[in-house]
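To start, the structure under review is shown below, and the notes come after it.
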Amino acid sequence: SLASTAITCFTRGLDLRKETEDVLCPANCPLWQFYVFGDGVYASLSSVCGAAIHSGVITNAGGAVRVQTLPGQENYPAVNANGIQSQVLARWASSFSVTRTKNTALESVGRSVSTARPSTGKRPKKPLDKKAGNKDCKADIAFLIDGSYNIGQRRFNLQKNFVGKVAVMLGIGTEGPHVGVVQASEHPKIEFYLKNFTAAKEVLFAIKELGFRGGNSNTGKALKHTAQKFFSLENGARKGIPKIIVVFIDGWPSDDIEEAGIVAREFGVNVFIVSVAKPTTEELGMVQDIGFVDKAVCRNNGFFSYQMPTWFGTTKYVKPLVQKLCSHEQMLCSKTCYNSVNIGFLIDGSSSIGESNFRLVLEFISNVAKAFEISDIGSKIAAVQFTYDQRTEFSFTDYTTKEKVLSAIRNIRYMSGGTATGDAISFTTRNVFGPVKDGANKNFLVVLTDGQSYDDVRGPAAAAQKAGITIFSVGVAWAPLDDLKDMASEPRESHTFFTREFTGLEQMVPDIIRGICRDFLDSKQ
């Protein structure tokens, strides 16, 4: 037949119905949005036009393609070709290949089909919204399922059904929630990542295919692994969207889960625990920590824990859990000290420091800044250098990536001159922190000086603290301890640092970072 079907940039192999089908790809599809799995033989989850460009059958100008359905296979490889990075997929139920169509008459027929399409009235609008998913529930969710001998094969299957129902009700889609699954047993196994599927149908299929692993229920080990490895940008985590791990535990974990809970909170992950068939009175002797739920959840406020008496008849538990997972404003652990602070550095540029020590000061600042997640929606860094005068080297809004901030710090030129620390604090409070004082980030000022100030520091420091700025004072060489303590926030002991030599600054880096994180957490409790 000559008729060629006009398809969209996002039509996948599994959306086509015939064994062999001639299709027409539109021009100018956004290359970075293509999901393509494999090379030459593509998983049917792949975008047809993406695969055709990847394999060189057409360019981004579009054109006619013949699609041949093939059986499924294992280990589709990741290959970068023609501007598209295809991805690895362990296995999929069907595949396809793409070739050039022999007949150029197709082109004209295909074109007419594609121009005729809008006349069908409203129809093409619908699938788009389904694809976008539930926009009111933006979340990146890992389901950490129990694959231990505790749960057993039969209940493991019921658990899969339950997770599948939750996934469907969430409204997975490109603009909505994305989900992945990790199986906890002896060793954790990431079954699929956030980026692998963006439609509920695919997720359901992938969940159905999961095999039961068995072994101890090392939930702590799996939770820690998931918090550290699962939510990277390469694996599909999205910036500024809550990260959630839903931990399913049948009975109780066989390892300690408290430390994993701490790690998850540090990484800005909201941990929910769904405990099923909790230990009965006669089992309590076997449970090493009866309070395991409270130790691991994001906050011990009742919101993050969820109980089901058994795996049988769980349908009524689906909706309340989904409502929790979609309550954006309740995700108290998304904000961490690493992604929610503004740190201003006030740098003494007086002549007693000298060029080579000034470099050591800049290195110290870089090493502190490096620990934070700097971005337009994350943490921000600013720097002011002072003598009798002040110079804003860069403000909080100037650079929104870590690379740019670090390069700006490297490029700071040494001023050389007197020391008016009090004036400099007032200047920084007004000009650098003033513009961000209504923002969501917590404000910190790190003052670095090597000597006595010629003016009063106490008044300006008190005013800065009143404006919501926490001050750490770092003194080197001849900086008088009284000045340092007068500037520092309460409790002064933990906000005042001193070293005789500039080379001693390096050892202070972890303490300053920890201090900022401690103050951040205290302010949130």
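The values are calculated or read from the model by the stated rules, or taken from the named source; none is laboratory data. Note that this is a predicted model, so its numbers are computed, not measured. Cβ atoms come from the backbone with ideal geometry, glycine included; neighbour counts cover every protein chain shown. Heavy atoms of the whole protein, side chains included, go into the accessibility calculation; ligands, DNA and RNA do not. Shrake-Rupley method; radii C 1.70, N 1.55, O 1.52, S 1.80 Å.
Examine the range 231-246 for a residue that is over 29 Å from Thr401 (Cα atoms) and aliphatic (A, V, I, L, M), and state whether such a residue exists.
Initial filter on the range 231-246 (over 29 Å from Thr401 (Cα atoms)): 246.
In the following step, the residues that additionally are aliphatic (A, V, I, L, M) were identified as 246.
Yes, some residue in the range 231-246 is over 29 Å from Thr401 (Cα atoms) and aliphatic (A, V, I, L, M).
Given the structure, is Glu506 under 18 Å from Leu346 (Cα atoms), exposed (fewer than 14 other Cβ atoms within 10 Å of the Cβ), in the same structural domain as Gly349 (by the TED database) and not β-branched (Val, Ile, Thr)?
Yes, satisfied.
Every residue, every condition in (1) without any contact (Cβ under 8 Å) to a residue 40 or more places away in the chain; (2) under 30 Å from Asp522 (Cβ atoms); (3) part of a strand (DSSP E or B); (4) assigned by the TED database to the domain that holds Ile516, yes or no:
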{"position": "Phe248", "(1), (2), (3), (4)": "no, no, yes, no"}
{"position": "Pro253", "(1), (2), (3), (4)": "yes, yes, no, no"}
{"position": "Glu259", "(1), (2), (3), (4)": "yes, yes, no, no"}
{"position": "Ala264", "(1), (2), (3), (4)": "no, yes, no, no"}
{"position": "Asn270", "(1), (2), (3), (4)": "no, yes, yes, no"}
{"position": "Pro279", "(1), (2), (3), (4)": "yes, no, no, no"}
{"position": "Glu283", "(1), (2), (3), (4)": "yes, no, no, no"}
{"position": "Ile290", "(1), (2), (3), (4)": "yes, yes, no, no"}
{"position": "Asp294", "(1), (2), (3), (4)": "yes, yes, no, no"}
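What tally of residues in the range 453-495 results from selecting those that are buried (at least 21 other Cβ atoms within 10 Å of the Cβ) and hydrophobic (A, V, I, L, M, F, W, C)?
Here the count works out to 12.
Has the range 469-491 got at least one residue that is in a strand (DSSP E or B) and of a type in the set (Gly, Ala, Ser)?
As a first pass, look at the range 469-491 and keep what is in a strand (DSSP E or B): 469-476.
Now restrict to residues that are of a type in the set (Gly, Ala, Ser): 473, 475.
Yes.
When the residues of the range 222-268 are narrowed to those that are surrounded by fewer than 18 Cβ atoms within 10 Å (Cβ to Cβ), out of contact with any His (no Cβ under 8 Å at 6 or more places or on another chain) and basic (Lys, Arg), which ends up modelled with the highest pLDDT?
The residue in question is Lys229.
For the range 201-221, give me the residue count where each residue is open to solvent by 30 Å² or more (accessible area, probe 1.4 Å), touching a helix residue (DSSP H, G or I) at 6+ places or on another chain (Cβ under 9 Å) and more than 17 Å from Asn157 (Cα to Cα).
Residues that pass the stated criteria total 2.
Has the range 390-397 got at least one residue that is under 26 Å from Gln465 (Cβ atoms), among the β-branched types (Val, Ile, Thr), in the same structural domain as Phe498 (by the TED database) and surrounded by 19 or more Cβ atoms within 10 Å (Cβ to Cβ)?
Of all residues in the range 390-397, those under 26 Å from Gln465 (Cβ atoms) come to 390-397.
Filter once more, keeping what is among the β-branched types (Val, Ile, Thr): 392, 397.
Going one step further and asking which of them are in the same structural domain as Phe498 (by the TED database), we end up with 392, 397.
With surrounded by 19 or more Cβ atoms within 10 Å (Cβ to Cβ) added as a condition, the list becomes none.
No, because not a single residue in the range 390-397 is under 26 Å from Gln465 (Cβ atoms), among the β-branched types (Val, Ile, Thr), in the same structural domain as Phe498 (by the TED database) and surrounded by 19 or more Cβ atoms within 10 Å (Cβ to Cβ).
Could you please give the count of residues in the range 14-52 that are hydrophobic (A, V, I, L, M, F, W, C) and at positive phi?
The qualifying residues number 0.
Would you say Thr419 is out of contact with any helix residue (DSSP H, G or I) (no Cβ under 9 Å at 6 or more places or on another chain), crowded, with 17+ Cβ neighbours inside 10 Å and of a type in the set (Val, Ile, Thr)? Spell out the reasoning first.
Working: out of contact with any helix residue (DSSP H, G or I) (no Cβ under 9 Å at 6 or more places or on another chain): yes; crowded, with 17+ Cβ neighbours inside 10 Å: yes; of a type in the set (Val, Ile, Thr): yes.
It is true that Thr419 is out of contact with any helix residue (DSSP H, G or I) (no Cβ under 9 Å at 6 or more places or on another chain), crowded, with 17+ Cβ neighbours inside 10 Å and of a type in the set (Val, Ile, Thr).
Would you be able to tell me the number of residues in the range 24-58 that are open to solvent by 50 Å² or more (accessible area, probe 1.4 Å) and at pLDDT below 90?
Of the residues in that region, 6 qualify.
Restricting the search to the range 166-199, which residues are out of contact with any strand residue (DSSP E or B) (no Cβ under 9 Å at 6 or more places or on another chain) and either free of Cβ contacts under 8 Å to residues at least 40 places away in the same chain or not assigned by the TED database to the domain that holds Val247 (or both)?
Answer for the range 166-199, where residues must be out of contact with any strand residue (DSSP E or B) (no Cβ under 9 Å at 6 or more places or on another chain) and either free of Cβ contacts under 8 Å to residues at least 40 places away in the same chain or not assigned by the TED database to the domain that holds Val247 (or both): Val168, Gly171, Glu186, His187.
Is one or more of the residues making up the range 434-447 free of Cβ contacts under 8 Å to residues at least 40 places away in the same chain, farther than 24 Å from Asp522 by Cβ and assigned by the TED database to the domain that holds Ile365?
yes
I'd like the residue in the range 171-200 that is open to solvent by less than 10 Å² (accessible area, probe 1.4 Å) and more than 13 Å from Phe143 (Cβ to Cβ) and, out of all such residues, is farthest from the chain's Cα centre (by Cα).
Ser185
So which of Ser356, Ser366, Ser352, Ser379 ends up being within 21 Å of Asn411 (Cα to Cα), crowded, with 24+ Cβ neighbours inside 10 Å, among the polar types (S, T, N, Q) and modelled with pLDDT of 90 or more?
Going through Ser356, Ser366, Ser352, Ser379 in turn, just one is within 21 Å of Asn411 (Cα to Cα), crowded, with 24+ Cβ neighbours inside 10 Å, among the polar types (S, T, N, Q) and modelled with pLDDT of 90 or more: Ser379.
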